[in-house]
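Report on the following structure.
Taken together, the values in this text are just the output of simple stated rules run on the coordinates, not laboratory data. Note that the coordinates shown come from a computational prediction; the quantities given were computed from them, not determined experimentally. Reconstructed Cβ throughout: ideal geometry from the backbone, glycine too, with neighbour counts over all protein chains shown.
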Amino acid sequence: MYYIAVSDLYLLGNQKCLEMKRIAVVGTRIMSEYGREMTKIFVKKLVSENWCIVSGLARGIDTVAHETALDFKGRTLAVLGHGVDKCYPPENLGLKQRILDSGGLLVSEYENGVPPTPDKFRARDRLMAHLSQAILVMECPKKSGVKITVSGAAEEGINVYVVPGPVNLASYHGSVEIIRNGGIPVYSPEDLIEQLKFSLG
């Protein structure tokens, strides 16, 4: 079992997601086409191995991670920086409902009615690490909330895996820094699955 205590959280949806293997798939809001395609490829493989995909319902990599999990009949958990009755960005309202309809879960530290603010998104980024057994960084520029999730992972003692990107893309410069500071590079979905099996059993 992979259950986690949720006494201080607000939940909407299928709480059995908290009993699954969970990996946070995170990255930049302004993603490259390479980042988009790699996210689809890695998430498809993770879903086939019965991992629940954790992400933040943000634009960019988060949206692709959630959508790909749903497209391949997997479970996904969205961590929100506002009450579970709200939706930010607003264009993801349909995706939020699709997560619920598919047996996924919404999680927040905030009660209904609490609006999104920058400080709440920073707290959300850290909470994603707390709710996961591993972190997968898909695409990270030098300045990114991804680094908050990575910092939370260090506090939780969980591994951070990084998909390397083209060296000419600034959106991967932060990914290089994460690898330099102990992130584990993975070169294919199969490599990631093997690494996860080795570290988690």
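Things to note:
- DSSP-defined beta bridges in segment 10-200 - what % are antiparallel, rounded to 5: 15 percent
- Among 14-26, 104-116, sorting by the average number of other beta carbon atoms lying within 10 angstrom of each residue, highest first, gives 14-26, 104-116.
- Nearest-ten-degree value, helix 146-156 long axis tilted from longest Cα axis of the chain: 80 degrees
- Taking the DSSP bridge list for segment 1-118 and keeping only pairs wholly inside it, about 25 percent are antiparallel.
- Since only SER102, MET31, THR68 are under comparison, the one whose Cα sits farthest along the positive direction of the charge dipole of segment 10-200, derived from C-beta charges on Lys, Arg, Asp and Glu, is MET31.
- Amide H contacts of GLY83: GLY113, VAL114, each under 5 Å away and 5 or more positions distant or on a separate chain (H built 1.01 Å from N in the peptide plane; Pro and chain starts excluded).
- Between amide H atoms placed 1.01 Å from N, distances below 5 Å from VAL162 occur with VAL137, ILE184, VAL186, all of them 5 or more places distant or on a separate chain.
- Packing-based exposure ordering (other Cβ within 10 Å, fewest first) of VAL137, VAL64: VAL64, VAL137
- Magnitude of the charge dipole for segment 71-143, about its Cα centre and with charges confined to Cβ atoms of Lys, Arg (+1) and Asp, Glu (-1), is about 200 debye.
- Degrees, to the nearest 10: 33-48 long Cα axis against longest axis of the chain: 70 degrees
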